[in-house]
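The values are calculated or read from the model by the stated rules, or taken from the named source; none is laboratory data. Predicted, not measured: the structure shown is a model, and the values here were computed from it. Please note: Cβ atoms are built from the backbone with ideal geometry, for glycine as well, and neighbour counts cover all protein chains shown. The protein model used for the area step is the full one, side chains on, heavy atoms only, and it has no ligands, DNA or RNA in it. Shrake-Rupley method; radii C 1.70, N 1.55, O 1.52, S 1.80 Å.
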Amino acid sequence: ALCKDNIYPGLGIFAKGYGKNNEPLRGYALTFCIGLAFILIAELNIIAPIISNFFLASYALINFSVFHASLANSPGWRPSFKYYNMWVSLAGAILCCVVMFVINWWAALVTLLIILALYIYVSYKKPDVNWGSSTQALIYNQALTHCLSLSSVEDHVKNFRPQCLVLAGYPNSRPALLQLVHSFTKNVSLMVCGHVRTVSRRPNFKDLSQDYVRCRRWLIKKRIKAFYTPVFADNLRHGAQLLLQAVGLGRLKPNTLVMGFKNNWSDGNMRDVENYINTIHDAFDLQFGVVILRLLDGLDISHIPGQDELLSSSEKPPKESKDVLISVSPAKDSDSESCPSKTHSNQSSPLIIRATETKCPLSLTDQRLLESSQMFKKKQGKGTIDVWWLFDDGGLTLLIPYLLTIRSKWGDCRIRVFIGGKINRIDHDRRVMATLLNRFRIDFSDINVLGDINVKPKKHNKLSFKELIEPYRLKEDDMEQEAAERLKAQEPWRITDNELELYKAKTNRQIRLNELLKEHSSLAKLIVVSMPLARKGTVSSALYMCWLETLSKDLPPLLLVRGNHQSVLTFYS
């Protein structure tokens, strides 16, 4: 059994069975050689303490295993011995260890060191076998107990953690999104990879369970500490609502929604944009913070052959195979970039497919996309994380950059803070912000007060925005009122003239902010900027999407962050 599970290197060849009963003849030969080696010592007084200590060690481990199984309280542990008692097993294990040292202390030490070394090796290598161990049962028991005890205590601002629900689709489709979120949640807080699978017919739950195994194994392989949760739904918004309401257990529940930016929103169906924007509104309604990541080249690499494959529990690529591993994902539809978790159930999930050794050349766009998808995996080097803290959202916009800088990958980056202000109060505002950051115990390298934040944007940028919104305007002045109302009811994302005039100042602010971002943060490793809000029901989804597009276009990696106005920072430690 030890050889068959391939626990230790070099033993696998002894697992081969022969005959009708699958007898491990090679294993018998190995055991015979070990026994013969001890007999050839030919000195009973030397052999006896060694053999006795190893036998006693075996008895001690068996007794302790029985005690541990009882302690774990697993329903699968059902001892049949009438007079069994777990404390007798523990006493037996202790007595075996005592007798080992009484017989021969140095042999006992050698035995314990050998056993410890073997155990450490197995713990480090983590072999791909499942024995249903009592350790697993005990961990479950402790986790359940701690979850219940957490639920009986109210949350406190000192213990706030950004627990993230990441709408990432298949985990290997958007590695940059997962890697960045993992950078500030690893060993700190909860991370759940949500996957909304839209269905046009009866959902295939068998495929869902198989995909779950593949995705979980991929996360383990990439050492990303996260859970994977798929759901079937009619559209992205409906699936996100299910995840926002149902994911989590007690206090281990997400409080921050993380999404990829909808890069190709202008090329697709505007109803998908409506779902995307309404998903953001739903998150705020449910008291979630929202984080949106935008990369210049996009996030979705599922259409590119050759990226990381998803292995099922039984699929393992042969070690000496020279075939190319290709991850096949559904065809990239019009909203695949923006609705990262949207995948049709009747399309194939990522699998391993054997290809020839000849590799298809990638386009320049795909090469850049593939390169940017790994940008958060490597050490960032010296640079800055620019935080544009424009609104008080509770502090999430400051907390995420701080959590990044305490990681080794981001350790060489310094935080620069940008705030709005007035020209005649720049020094005063800088001192106030410096005092606030010091009291929050957040290290920063510089504070920039933007006295020209309210200056009107450049004319050519205003014209660019006008061209951007032109296809989405209602143009009610060119039609009868009844026809305009009917069109607005059918296509609620349409932008009215009244809406444009009412939010003219806010539109100009987004255009101006983009100009300032390009001026001050074009060389930053990461930009974290407060995300503008749009009043639900009064600002159309097309106008809001145009704001986000205008604010974040042509910039280094950018995080749009907005907390739920719950305080996440405190002066007290």
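Brief remarks follow.
A quick yes/no check of all residues on (1) assigned to a helix (DSSP H, G or I); (2) without any contact (Cβ under 8 Å) to a residue 24 or more places away in the chain; (3) closer than 23 Å to PRO49 by Cβ:
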{"position": "PRO75", "(1), (2), (3)": "no, yes, no"}
{"position": "VAL98", "(1), (2), (3)": "yes, yes, yes"}
{"position": "TYR119", "(1), (2), (3)": "yes, yes, yes"}
{"position": "ILE139", "(1), (2), (3)": "yes, yes, no"}
{"position": "THR145", "(1), (2), (3)": "yes, yes, no"}
{"position": "LEU150", "(1), (2), (3)": "yes, no, no"}
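- Cross-chain or 6+ apart pairs with Cβ under 6 Å, the range 374-391 first and outside any loop (DSSP other than H, G, I, E, B), then open to solvent by 20 Å² or more (accessible area, probe 1.4 Å) and of a type in the set (Lys, Arg): GLY383/LYS525; THR384/ARG414; THR384/ARG416; ASP386/ARG416
- Looking across the range 393-417, just one residue is open to solvent by less than 20 Å² (accessible area, probe 1.4 Å) and of a type in the set (S, T, N, Q), and that is THR397.
- In the range 81-96, the condition of being in contact with a helix residue (DSSP H, G or I) (Cβ under 6 Å, 6 or more places away or on another chain), surrounded by 15 or more Cβ atoms within 10 Å (Cβ to Cβ), polar (S, T, N, Q) and not in a helix (DSSP H, G or I) is met by no residue.
- Some residue of the range 21-39 being modelled with pLDDT under 85, among the charged types (D, E, K, R) and not in a helix (DSSP H, G or I): no
- Test result for VAL129, open to solvent by 80 Å² or more (accessible area, probe 1.4 Å), among the β-branched types (Val, Ile, Thr) and in a loop (DSSP other than H, G, I, E, B): no
- Residue-level analysis places ARG535 outside the set of residues that are touching a strand residue (DSSP E or B) at 6+ places or on another chain (Cβ under 7 Å), among the basic types (Lys, Arg) and either more than 30 Å from ASP412 (Cβ to Cβ) or loosely packed, with under 15 Cβ neighbours inside 10 Å (or both).
- Test result for LYS126, closer than 26 Å to LYS379 by Cβ, basic (Lys, Arg) and modelled with pLDDT of 85 or more: no
- Here LEU390 meets each of (1) over 15 Å from LEU551 (Cα atoms); (2) surrounded by 15 or more Cβ atoms within 10 Å (Cβ to Cβ) with one exception, condition (1).
- Residue pairs whose Cβ atoms lie under 6 Å apart, sitting 6 or more positions apart in sequence or on different chains, and linking a residue in the range 466-486 that is farther than 11 Å from LEU500 by Cβ and open to solvent by 50 Å² or more (accessible area, probe 1.4 Å) to a partner that is of a type in the set (Ser, Thr, Tyr) and not in a helix (DSSP H, G or I), do not occur here.
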